[in-house]
Each structure stands twice: as C-alpha cells, then as structure tokens.
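The values are calculated or read from the model by the stated rules, or taken from the named source; none is laboratory data. These numbers come from a predicted model, not from an experiment. Here the Cβ positions follow ideal geometry from the backbone for every residue, glycine too, while neighbour counts run over all protein chains shown. We work out accessible area using only protein heavy atoms, side chains counted, and drop any ligands, DNA or RNA first. Shrake-Rupley method; radii C 1.70, N 1.55, O 1.52, S 1.80 Å.
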Amino acid sequence: MAIFKKKIDKMHLQQLTSDIAHELRTPLTNLQGYLEAIIDGVWEADNERIQECYVEVIRLNKIVDELQELSLLEDFDFILHKEKFDFRELCLSVIRSFELASQEKNISIKLFVKSDTAILADYNRLKQVLINLLSNAIKYSYENGIVIVNYYVKKGNYIIEVNDNGIGIPKEDLPFIFERFYRTDKSRSKKTGGTGIGLAITKAIVENHNGSISARSSDKLGTSFVIKLPRG
Ligand code: ADP
C-alpha cells in the first residue's frame, strides 16, 4: 500500500511539474521574444513595448502566487482559522470591491439571504472563494448581465450559490473546470488574464471546510456554482 501511494505521488508530481513548465513557457517565451527584439534593434524600447514585457511578468507572478496558495491549501498540515461572522456583511463587502469591474460591463450583482446570516468558517478563505467566483461570474458574463448570490441553510449545511447568465461552460468541459490550469478557451485567457488556478483554489478551500462544490451550466445561458459547507 505504501509503495502504491508513493507511485501515485510520483506520477502526480511528474504531471504537476510538466503542467507548470507548460504554463510558464508561454509568458517566458513571449518575454524572451520581446527582449530579443529590443536588443536586436527591431523594436524600440518605448513605453508600449516595456508595457508588453510588464504584462508577461505580471502574469508569471500571478501563476507563481496562485500555485503557492494552492500548494499551501493542499498541505496535510494546513489549518483553517474558523470564526463566527456575518455572511451578508462579508458578501456585501466583496460585492462592493467589484463595483468598478461590474460597472464597466453594466452587470448587476444581487444578494439574497434566506437564513440567519451567522456562519462559522475561515473568514479570509471564504472571502477568497467569493472573490474567485464573483470575478469569474463578471469575467465570463456578457454586458448587462446579472449575477445572483443566494445564501441559505439546508439540512445542516450552509449553501452558497453564485449564478450568472454569462457565456456558460460547454458540457464536455464541465467535469474538468476544478482542475488546475484548466480553461475552456486557452486563447481567450490572454485577454481575460485567467490562469485556470482559481477554481482549484476555491475547491481546495471548500474541501478544507469538509464541504463540496459543484457547477451546472448551459452553453451561452449561464453558470451556477453551488457550495455546501457543513454547519458547526
Ligand atoms: P481562470 O483564471 O481561467 O478564470 P478558473 O480556475 O477560475 O480560472 O476557471 C477555470 C475555467 O472555468 C475558466 O478559464 C473558464 O473557462 C471556466 N469558468 C469558470 N467560471 C466560469 C463562469 N462563471 N462562466 C463561464 N466559464 C467559467
């Protein structure tokens, strides 16, 4: 059994290393190309070119930061700092932080709370979950879209739903969206800045709370994420 586990770990590690190398390659290759063009005198080192290099460095940093966060959350020794707080207040403050992004696309974000709003969870981690889901909901919505957050308690679980009427996720991609680096449209990720790590982090946080997360989606009609967190 111990040998079997070791083998799986080795396979996992190999896959992880290969995925990371693959993801870092694109920004690094772009950066190298831009710098070589400047060194060779093909490009002038003007503000615009420097800005293009800067964008790639930002992307590299984002990938590394998110990977570090994911590795922390997947550590056996990871400890949650649970406390009782008001879910409505947390949610409203996260919604407020997206005011500019939602206004840019004229998206309205609504919150419906149908239960007592006290929740026992890790405040900062749950905040991260809401940030990830709301930023995706906005990112993958059309102009004038609607994002709805529902919160209620059912059968001993806190339930958090984040619904949007955006571009949706194709049926064949749905089983994989919580895997690190998975993006339904890799070519679009340059525009949206997506790394494909956000939902893996979200799932790891939910599972650290012994909860579960699932997604339902219809292509071009929208997506719903449902989180169940056990009470207590
Ligand atoms: P990213 O940083 O690329 O958004 P995520 O891990 O957060 O990475 O999401 C993985 C992929 O799942 C995204 O690239 C996108 O294709 C899809 N996705 C996530 N949330 C939504 C949503 N609300 N609507 C449509 N597609 C989504």
Task: Kyte-Doolittle mean at least -0.5, axial Cα span of 18 Å or more - DSSP H helices of the chain - done: 2-39, 47-73, 123-139
Task: Gain on full stretching of the segment that runs from Thr117 to Ile39 - 0.36 nm per residue minus C-alpha separation - done: 22.2 nm
TODO: Roll a 1.4 Å probe over the protein heavy atoms and report the accessible area of Arg183 in Å², nearest 10.
DONE: 30
Task: Calculated [θ] (222 nm, deg cm²/dmol) that DSSP helices of n ≥ 4 give over the chain, each run adding -39,500 (n - 2.57) - done: -16500 deg cm²/dmol
Open item on the list: Take Thr26 and Asn144, extend 7 Å from each Cα along the Cα→Cβ direction, and tell me the distance between the two endpoints in nm.
Closed with: 3.1
- [ ] Report the local net charge at Ile148: Lys and Arg +1, Asp and Glu -1, summed over other residues whose C-beta lies under 14 Å from its C-beta.
- [x] +1
Task: Relative contact order (%) - criterion: Cα under 8 Å, at least six apart; region: segment 27-158 - done: 24
Open item on the list: Give me the three principal axis extents of segment 63-112 from the C-alpha atoms, as integers in angstrom, largest value leading.
Closed with: 41, 31, 13
- [ ] Grab the Cα-Cα distance for Glu161 and Gln68, subtract it from 0.36 nm times how many residues apart they are, and report the gain in nm with one decimal.
- [x] 30.8 nm
Task: P(r) histogram, all alpha-carbon pairs of the chain included - 5 Å bins from 0, percent - done: 1, 6, 12, 16, 16, 16, 13, 9, 6, 3, 2, 1, 0, 0
Task: D (Stokes-Einstein, µm²/s), Kirkwood Cα radius, segment 120-206, 1.002 mPa s at 20 °C - done: 152
Open item on the list: Under the rule a/c < 1.5 gives rounded, and otherwise a/b versus b/c splits prolate from oblate, where does segment 70-174 land using the Cα gyration tensor?
Closed with: prolate
TODO: Take the Cα radius of gyration of segment 1-101 and divide it by 2.2 N^0.38 Å, with N its residue count; two decimals is plenty.
DONE: 1.65
- [ ] Just grab the label-to-label distance for Ser214 and Leu100, each label 7 Å out from Cα along the Cβ direction, in nm (one decimal).
- [x] 3.8
TODO: Report the charge-dipole magnitude of the chain in Debye, nearest 20, computed about the Cα centre from +1 at each Lys and Arg Cβ and -1 at each Asp and Glu Cβ.
DONE: 1140
